[in-house]
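Accompanying notes for the structure given below.
The values are calculated or read from the model by the stated rules, or taken from the named source; none is laboratory data. Everything numeric here is computed off the predicted structure, so don't read it as measured data. As a convention, Cβ positions derive from the backbone with ideal geometry for all residues, glycine included, and neighbour counts pool all protein chains shown.
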Amino acid sequence: MSPSKSPFLPEPYTASIVGCPFSFSCKTPFSAGQRKAGVDKGPIHLVEAGLVDQLTEIGWKVKFDGHHQFEEVSAADDPQIGKLRNPRLVSRVTEAVAKAVGEHVQNGELPVTLGGDHSLAMGTISGTLSKYPDACVIWVDAHADINTPETTDSGNIHGMPVSFLLGLEGTKIPEFSWIKPLLTPDRLVYIGLRDIDDGEKKILKEHNIKAFSMHEVDKYGIGKVVELALDHVNAKRDRPIHLSFDVDAMDPTVAPSTGTPVRGGLTFREGHYICEAVQETGLLVAFDLVEVNPSLADAASVQATVAVGCSLVRAALGETLL
Ligand SMILES: [Mn+2]
C-alpha cells in the first residue's frame, strides 16, 4: 500500500489536489446572451467522500487548499470566436489551472486535478509540460477530444483540448496563445475510445496518433493494451507520464453520472488496471480525473460514480490489492 519509487518526485511524496468544479459544456446551441457555464460539483463530492484521507492512508502527504476559484466572464463579454463557445472564460480558467499545476510540479508535487470538464486538460497538461517538456500523455476516454476549432460541430471546447496541446491547424487563436504546443503526436496515446467524430478519425490518421479503442481492449485484453500503449509513448520507461482519465471511459453501468456517457466502456477492473499499471512504472507525475458530474443522475448513480472516481485516484497513486 505505497506508491512506487519515483525518479522524479522527492520524498516524502506529496500529492496536491487541484479541485476544479467547473463545466463549460453547452448541450444545445443558444445565443450568447443565454449562454451559461455550469458549476459541476464532482470535485467537491470526491473530496467530501474522503479522498484526502484515503490518499494519506496509502502513504502520500496531501495538500488541498480548497477548490479552485474561477474568474467570472459574463456571456455578453464572451461572444463566440468562430464556433468556439465561452472561449475567453475557458481560456482564462484553463490558464489559471496551468499555473496552479505548473507550480505544483515545480515544487516536486504530484498534482491530482479533479474536474470538471476535460477542457481543463489544456491547463493541466500545459502545467506538466512546463516542468517536464518530454512528458508523455496517456488519455483515457470514450472520446478523442481532438476536434479543432474548424472540425468541431458543437463548438464545445471540452471536445478540443488535445488539438490545442498539439498545436494543430486552426488552433492559433490569440485568446489561447498562452498554450505552448509542446506535446507531440508520438508522445500521446489513447485508451478506451468508442465515440469518435469523422473529423477526429482523420486527424488521428494524419498525425499517426496511437489509439486503443474498446475494440483493441476486447481483442488483446487490458494488460496487453496498457503494455503496448506504454511501449509506444515510453519505450525505455524513462519519460514522465501525465495520465488524463475521463470517467466516461468507464462503462455507464460503472460510472453513470457523467456528461456524455457512451455504452460499451471499460469495466471497473479495466479502468483500475490502467491506473495501477501506470503507477507501477513509477513515472506518473500528474493525474487528472474529470467529467464526474453529479448533477446528471439519481442519488445512487452519483454515489457510485463518486466512489469509482475516488477508487481510480487511489489506484493511480498506489493503492494495491495485496
Ligand atoms: Mn474527455
Q. For the range 286-302, what are the residues that are hydroxyl-bearing (Ser, Thr, Tyr) and farther than 15 Å from Asp40 by Cα?
A. Ser301
Q. Could you count how many residues in the range 281-311 are part of a loop (DSSP other than H, G, I, E, B) and either within 16 Å of the ligand (Cβ to nearest atom) or touching a Phe, Trp or Tyr at 6+ places or on another chain (Cβ under 9 Å) (or both)?
A. 5
Q | Looking only at the range 152-161, and only at residues there that are within 15 Å of the ligand (Cβ to nearest atom) and of a type in the set (Gly, Ala, Ser), the one that is surrounded by the fewest Cβ atoms within 10 Å (Cβ to Cβ) | A | Ser154
Q. Are any residues in the range 231-255 without any contact (Cβ under 8 Å) to a residue 60 or more places away in the chain, surrounded by fewer than 24 Cβ atoms within 10 Å (Cβ to Cβ) and either of a type in the set (A, V, I, L, M) or within 16 Å of the ligand (Cβ to nearest atom) (or both), and if so, which ones?
A. Ala235, Asp251, Pro252, Val254
Q: Mind listing whichever residues of the range 14-39 are touching a Leu at 6+ places or on another chain (Cβ under 9 Å), crowded, with 21+ Cβ neighbours inside 10 Å and either modelled with pLDDT of 95 or more or over 17 Å from Ala286 (Cβ atoms) (or both)?
A: Ala15, Ser16, Ile17, Val18, Gly19, Pro21, Phe22, Phe24, Ala37
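Please state which one of Asp186, Asp218 is over 24 Å from Ser311 (Cβ atoms), more than 16 Å from the chain's Cα centre (by Cα), modelled with pLDDT of 95 or more and surrounded by fewer than 23 Cβ atoms within 10 Å (Cβ to Cβ).
Asp186
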Q) Looking at the range 110-122, is at least one residue free of Cβ contacts under 8 Å to residues at least 60 places away in the same chain and aliphatic (A, V, I, L, M)? A) yes
Q | The lone exception for Asn147 - which of (1) in a loop (DSSP other than H, G, I, E, B); (2) more than 26 Å from Glu270 (Cβ to Cβ) it fails | A | (2)
Q: Look through Thr151, Thr113, Thr94 and report the one residue that is touching a helix residue (DSSP H, G or I) at 6+ places or on another chain (Cβ under 9 Å) and under 30 Å from Glu11 (Cβ atoms).
A: Thr113
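One line per residue, one yes/no per condition, for (1) over 23 Å from Gly42 (Cβ atoms); (2) away from the ligand (no atom under 13 Å from the Cβ); (3) out of contact with any Gly (no Cβ under 8 Å at 6 or more places or on another chain); (4) at pLDDT below 95:
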position: Gly115; (1), (2), (3), (4): no, no, no, yes
position: Leu120; (1), (2), (3), (4): no, no, yes, no
position: Thr124; (1), (2), (3), (4): no, no, yes, no
position: Pro133; (1), (2), (3), (4): yes, yes, yes, no
position: Asp145; (1), (2), (3), (4): no, no, no, no
position: Ser163; (1), (2), (3), (4): yes, no, no, no
